[in-house]
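Since the structure comes first, as structure tokens, the remarks are kept for the end.
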Amino acid sequence: MSKVSYYTAEGLKKLRAELSQLKDIERPKASQAIAEARDKGDLSENAEYDAAKEAQGLLELKISKLEEVVAGARLIDESQLDTSKALVLSTVKIKNQNNGMEMKYTLVAESEADLKTGKISVNSPIGKGLLGKSVGDVAEVKVPNGILKLEIVEITRD
């Protein structure tokens, strides 16, 4: 049973490109490495062959997991998104009530998260705390050093 995840068109395109790369380029390379190692003689004492087989197994596992993610991926229609609440693809401006600092994050699917560009996963503690909240609400997020109180200042769609 695959888990449903929501993606932007850009995120889904990246996911499919990665899967294509693994299947069309990495898989043949792994098969080639096994063939080359097999040609070197006795398989019972061939560490290169064992390593190539293990690498192929890990690659196949990665492909399998990615195929499962793609199968459960759903494209988000950004034009239909509601800006009254913090949802996936909402850009949320928050104010940390402990220190007065303001931050802006876009809530995205886990595989699209990138803190450097201000994209946080809806599965992260802050993401979970913000989901479903409206402007003026205060999200209390449990973090390792206590409770963060984050006031939602603004919700937009970028």
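The values are calculated or read from the model by the stated rules, or taken from the named source; none is laboratory data. Please read these numbers as outputs of a predicted model, since none were measured by experiment. No Cβ is skipped: glycine too gets one built from the backbone with ideal geometry, and neighbour counts run over all protein chains shown. These accessible areas exclude ligands, DNA and RNA; they are computed on the full protein's heavy atoms, side chains included. Shrake-Rupley method; radii C 1.70, N 1.55, O 1.52, S 1.80 Å.
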Read through the labelled values (1) 118; (2) 155; (3) 128 and report the label of the one computed as volume of the Cα convex hull per residue in Å³ from the structure.
(2)
For region 1-47, which trypsin sites (Lys or Arg not before Pro) pass both filters: DSSP loop (anything but H, G, I, E, B) and at most 13 other C-beta atoms within 10 Å?
Lys3, Lys40
Nearest 5 is fine: what % of DSSP beta bridges in region 95-158 come out antiparallel, could you say?
75
Counting heavy atoms of the protein chains only and a 1.4 Å probe, report the per residue accessible area for the chain as a whole number of Å².
63
For the chain, with +1 on Lys and Arg beta carbons and -1 on Asp and Glu, the positive-most of Gln56, Tyr105, Ile155 along the dipole
Ile155
Value of relative contact order over region 75-158, rounded to a whole percent, pairs C-alpha under 8 Å and six or more apart:
34
Could you please state how large a percent of the accessible area of region 1-129 is carbon and sulfur, counting protein chains only and using a 1.4 Å probe?
51
